[in-house]
Each structure stands twice: as C-alpha cells, then as structure tokens.
1. Please pick out the residue among ARG52, ARG46 that is part of a helix (DSSP H, G or I), among the basic types (Lys, Arg) and open to solvent by 20 Å² or more (accessible area, probe 1.4 Å).
2. Restricting the search to segment 81-127, which residues are over 34 Å from the mean Cα position of the chain (by Cα), part of a helix (DSSP H, G or I) and either charged (D, E, K, R) or surrounded by fewer than 24 Cβ atoms within 10 Å (Cβ to Cβ) (or both)?
3. MET175 fails exactly one of the following numbered conditions: (1) surrounded by 14 or more Cβ atoms within 10 Å (Cβ to Cβ); (2) at pLDDT below 85; (3) assigned to a helix (DSSP H, G or I). What is the number of that condition?
4. Within segment 8-43, restricting attention to residues that are without any contact (Cβ under 8 Å) to a residue 60 or more places away in the chain and under 25 Å from ALA94 (Cβ atoms), which residue is surrounded by the most Cβ atoms within 10 Å (Cβ to Cβ)?
5. Please determine whether any residue of segment 255-269 is surrounded by 11 or more Cβ atoms within 10 Å (Cβ to Cβ) and of a type in the set (Gly, Ala, Ser).
6. Considering only segment 60-80, state which residues are within 34 Å of the chain's Cα centre (by Cα) and either β-branched (Val, Ile, Thr) or open to solvent by less than 10 Å² (accessible area, probe 1.4 Å) (or both).
7. Which number in (1) of a type in the set (Gly, Ala, Ser); (2) open to solvent by 30 Å² or more (accessible area, probe 1.4 Å); (3) farther than 26 Å from TYR198 by Cβ; (4) touching a helix residue (DSSP H, G or I) at 6+ places or on another chain (Cβ under 8 Å) marks the one condition that GLY145 misses?
Amino acid sequence: FMFVAAGVGAYWVAIFHLMTHAFFKALLFLGAGSVIHGMNGEQDMRHMGGLRKEMPLTFWTMFIGSLAIAGVPGLAGFFSKDEILLSVFGASKAVYGIGIITACLTAFYMWRMMMLTFYGDKRNEHHAHESSLVMTAPLGLLAIGSIVAGWFGGSLEHWLEPVLHSPAIVHESEMKWVLMGVSLAAAAIGILFARQCYIINPELPVRLRRSFGPLTTLAENNWYFDKVYHAIFVLGFAQVGGTILGSFDRHVVDGAVNVAGLLTRTTSRISIWWDTWIVDGLVRLTALITEGASFPVRMLQTGLVQSYALIMVAALAAALGFYWVR
C-alpha cells in the first residue's frame, strides 16, 4: 500500500500509512512473540487455539492490531489505507481494484491467524500462560497507538503537503462514501471468510485446497521460488564457482606459490654457493697469503731475547771474520 501510494504521487499518504503501520505491525510482531513465549516456544498456529482465555492481554491487544491492519473504521489503519485507496482511485482504476483485493486478503490472513490462535478449541496439551508485564506493557502502548494514530492524518498532511505535493484526492462526498463502503466490504469479507474457514466450517480449507489441485501445490511450495533460487543461485553457483575457483586455486594460486617456492630454493642454493666459495674463499685466501708472507718475519721475530743475542753475536762474528780475511 505504501508503494502504491508513492507510485501515484501521494507521498504524504504513503508516509501517513508508514506511521500508522508502525504501530499495529509492531504490535502484531510483539504479540506473536508473546504467544510463542506463552506457548513455551510453540510457533505453529495449527497447534494452538482457545488462547483468548489463557492470554487475555495478548488477545485483546492483537485483536486491536488485527482490526487496525484490516482497515476497520476508527482505528489507525482505516484512515491511512482508505486515504491510499482514494488517491489510487483517481489515478488508476485497475490499481485500485488490486488494492481492494489486497485489502481483502490482508483481512483474511490476519483473521486466519486470530481464529487459529485465540478462537475455537485447544489443539494442544500445553497449558499456555500470559506473558509478563515486560512483554504486555509495550503491547498496550502500541494498541493505544493503533487506535489514535490515524486521527492525526490531517496534521501530517498539513505539515508535509508543502514539500510533498500529492495528486488531487476524490472530493465528491458521495463517491468517497461509496469507496469507503467498498473498502469496508472488502475487510468484512476477508474477516468473515476467515471465520467461516477456521471456526464454523474447518473442512472448507481442506476442500478448497483439493479443488485447486496443482495451484495448491504451487502455493504450498511458494511457487517453487525458493527451490529454483536455491538450485540456480546456491547449488548452481556453488558447483560452477567451486569448479572455476577450485581450478583457479589449484593452477594459478598454488602454481604461483609453487613457482615462488622453486625460485626461492634456487636463489638460496646460488646464494649458499656464492657465500661458501666466493665470499668465504676470498677471506680464507687473504688469510693464507698473510700467513705465508709473515713466515720469514716470524722466523726472525721469535720474541726470545736469547735468540736475538745469538743472532747479534753470530752477525758480529761474521763481520769480524769478513774483515779478518780481507
């Protein structure tokens, strides 16, 4: 409904419905949590029933929220949803028809939830209990908002209209009453049909399910959208991606790592050879040359005074002998 309103240019009406929707939709979500808590974790409505006596606060607040979202007069959803339908009627009769059908379906599925959860006989052996004040107090506040929020639509329009210009809404009083009646009839049909299906004649949904045959199978399997999506985008991409990415990982990533390892080992061998034979070889050669060149000096420079004295005496004797011979 919000997108339809925005689509026909009724922007402030879309925001108005967003505001009212916040109250009763939040109420219904929190109410569902309260029911699950009161049922000790049970989430299947087919295993509930008769909870209005065991969970009265949750029941009455969700009762208000379900009336509001169905568009019952006086509650928040009525004002914003009716304003949307009036806006759409002036723009497109076909879209208006879709909106009426949607309003009917909304009332039906919400009251299907109410009938299966709170009305009829118990369909379980669990003893339900009302939720604590921590959970029911927000439900009460949101229920109040679901009642009064719609009455502020005029103020919201006055505030937003200067910036969000909307198309002209049907102003003929008779036509507005007719359209309002159609909207209320759609909500009433949805609520009464839900009561007929799940309270008065529980076998009716079973017969309808059988009569639609393949369409029932499609609907129960969500038109196979999830399975097709899973087959194409999950399994398909997983297989294709696994093959391509696996091959890329094995041949490119691992190949690059292996080449890098080979290059590292090769350069390390060259580095070891160079270090062993060139660098260390030059150091050892320098030491060997130094050691060889120092040998004559080491023969003379013994560090012994007696050797030095002997050499001096021998040299003196040699000198005297040389002069004596001459």
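The values are calculated or read from the model by the stated rules, or taken from the named source; none is laboratory data. None of the values given here were measured: they were computed from a predicted structure. Heads up, the Cβs are rebuilt from the backbone with ideal geometry, glycines too, and the neighbour counts pull from every protein chain shown. Just so you know, the surface numbers come from the protein's heavy atoms only, side chains and all, with ligands and any DNA or RNA stripped out. Shrake-Rupley method; radii C 1.70, N 1.55, O 1.52, S 1.80 Å.
1. ARG46
2. Once the filter is applied, which keeps residues that are over 34 Å from the mean Cα position of the chain (by Cα), part of a helix (DSSP H, G or I) and either charged (D, E, K, R) or surrounded by fewer than 24 Cβ atoms within 10 Å (Cβ to Cβ) (or both), segment 81-127 yields LEU86, PHE89, GLY90, ALA91, LYS93, ALA94, GLY97.
3. The single condition MET175 does not satisfy is (1).
4. HIS21
5. Checking segment 255-269: at least one residue is surrounded by 11 or more Cβ atoms within 10 Å (Cβ to Cβ) and of a type in the set (Gly, Ala, Ser).
6. THR61, MET62, ILE64, GLY65, SER66, ALA68, ILE69, ALA70, GLY71, ALA76, GLY77, SER80 - these are the residues of segment 60-80 that are within 34 Å of the chain's Cα centre (by Cα) and either β-branched (Val, Ile, Thr) or open to solvent by less than 10 Å² (accessible area, probe 1.4 Å) (or both).
7. Of (1) of a type in the set (Gly, Ala, Ser); (2) open to solvent by 30 Å² or more (accessible area, probe 1.4 Å); (3) farther than 26 Å from TYR198 by Cβ; (4) touching a helix residue (DSSP H, G or I) at 6+ places or on another chain (Cβ under 8 Å), only one is false for GLY145: (2).
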